[in-house]
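> Here you go, one structure.
Where a number appears in this text, it was derived from the coordinates with a stated rule and is not lab data. Note that the structure is predicted; figures quoted are calculated from it, not measured. Cβ placement follows ideal geometry from the backbone for every residue including glycine, while neighbour counts extend to all protein chains displayed.
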Amino acid sequence: MLDTTKVYSYSAVLMGSPILLKLFVNDEALAARVFRLIKHYEDLLTVNRAQSQVMDINHAAGKHPVRVSSPVYALIKCAKAASTLPNSAFNLAIGPLVKRWRIGFRGDSVPPAEDIARLLTLTNPQQVLLNDVDESVYLPLPGMEIDLGAIAKGYIADRVRDYLRKEGVEQGLINLGGNVQTLGTPAGLWSIGLKKPFSQAGAMIGTLEIADKSVVTSGVYERYFAQNGHIYHHILDPRTGYPLDNELDSVTIVSADSIDGDIWTTLMYGMGVEKACATLRARPDIEAIFVTKSKEVILSSSHHYRFTLLDNDYRLIGSTV
């Protein structure tokens with residue numbers, strides 16, 4: 001009989017982030033296989049090293065199409081679909097701007113306006129040309145670059161969940177540097193912390209209790225730099241080339257699949273609270289928690305989780321439940 005009072009934790013550093021796996025079985029061999037699976041997908045999808053299937057596409061920009069494996073092609077196709085939604089803040093072709101800003105890396109700075117204008121011409125997601133017949137991807141303009149950083153962790157978290165299920169694991173948790181995916185219901189529910197923006201490690205606004213759901217948070221405090229009293233964060237607006245600037249510090253998405261969390265955190269951040277909540281009324285499978293700069297916590301709904309506010313500096317101002 002499974003002992004749900006004992007949780008075994010396994011950790012590694014992959015994709016530039018700490019990875020945490022929690023299981024109710026002591027199985028180091030299984031944990032090792034999970035970490036190898038994550039490394040396999042990282043090797044396919046990364047743009048932070050010279051060689052990967054995504055970098056093969058980028059190196060061939062303006063030259064020729066590149067055939068990729070079916071999983072990579074499917075992910076790129078999904079990312080393009082999200083990128084070409086009306087007024088989408090998600091953009092798989094934003095690579096040249098990400099590379100120029102270097103937010104979160106040494107040498108970050110505000111680019112000259114002429115650099116932004118020039119690079120914006122290379123970031124039209126409609127120009128990412130897909131061929132379903134041979135599963136090839138073509139970037140027609142030299143200098144174009146795909147960047148799947150906004151979606152890769154969610155995709156990998158879902159593949160880990162699927163693998164664990166195939167291995168007979170009924171209860172577990174995988175945290176890929178902030179992308180949390182859960183299996184089953186332990187004794188009680190999984191408790192996931194909501195980070196307090198711009199605070200020391202471990203400071204939480206509140207907790208979410210969930211089961212069989214993913215929790216993904218995107219916040220302006222994750223990667224940023226300050227210059228002349230202004231904060232420049234990593235969530236770039238593909239329409240302007242500059243960091244998105246609105247009332248939000250973070251967006252958290254609760255969904256079945258972590259890849260939806262990745263996509264919808266960006267979409268919702270780009271919309272702002274009012275428009276985002278209106279959009280989510282048609283998507284009962286997607287729920288959002290918005291944390292504003294004015295220290296409000298706004299729930300679009302809370303049918304699939306329980307939220308407990310812990311920080312008295314913040315005000316919970318309701319949900320549509």
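> State all residues of segment 166-223 that are more than 30 Å from ASP108 (Cα to Cα) and of a type in the set (Phe, Trp, Tyr); if no residue qualifies, say none.
Selection gives TRP190 alone.
> Residues of segment 238-278 being in a strand (DSSP E or B) and touching a His at 6+ places or on another chain (Cβ under 9 Å), which ones?
Passing the criteria: PRO243, VAL254, SER255.
> With VAL137, VAL169 as the choices, which residue is in contact with a helix residue (DSSP H, G or I) (Cβ under 7 Å, 6 or more places away or on another chain) and either under 21 Å from SER11 (Cα atoms) or buried (at least 17 other Cβ atoms within 10 Å of the Cβ) (or both)?
One residue alone meets the criteria, VAL137.
> Turning to a different aspect of this structure: Looking at (1) closer than 21 Å to GLN51 by Cα; (2) among the small types (Gly, Ala, Ser); (3) crowded, with 17+ Cβ neighbours inside 10 Å, find the lone condition where GLY143 falls short.
For GLY143, the failing item is (3).
> Okay, next question. Take the residues in segment 172-199 that are of a type in the set (Gly, Ala, Ser) and in contact (Cβ under 8 Å) with a residue 60 or more places away in the chain, then tell me which one is surrounded by the most Cβ atoms within 10 Å (Cβ to Cβ).
Per the criteria, the residue is GLY172.
> State whether the residues of segment 290-309 include one that is of a type in the set (Asp, Glu), surrounded by 15 or more Cβ atoms within 10 Å (Cβ to Cβ) and either in contact with a Gly (Cβ under 7 Å, 6 or more places away or on another chain) or closer than 26 Å to ILE156 by Cα (or both).
No - not one qualifying residue is present in segment 290-309.
> Hey, among ALA81, ALA74, which residue is under 30 Å from ALA276 (Cβ atoms), surrounded by fewer than 14 Cβ atoms within 10 Å (Cβ to Cβ) and without any contact (Cβ under 8 Å) to a residue 40 or more places away in the chain?
That would be ALA74, the only listed residue that is under 30 Å from ALA276 (Cβ atoms), surrounded by fewer than 14 Cβ atoms within 10 Å (Cβ to Cβ) and without any contact (Cβ under 8 Å) to a residue 40 or more places away in the chain.
> The conditions are (1) under 25 Å from THR121 (Cα atoms); (2) part of a loop (DSSP other than H, G, I, E, B), and ALA79 fails exactly one of them. Which is it?
(2)
> Taking only segment 11-53 into account, find how many residues are in a helix (DSSP H, G or I) and either without any contact (Cβ under 8 Å) to a residue 60 or more places away in the chain or over 21 Å from the mean Cα position of the chain (by Cα) (or both).
13
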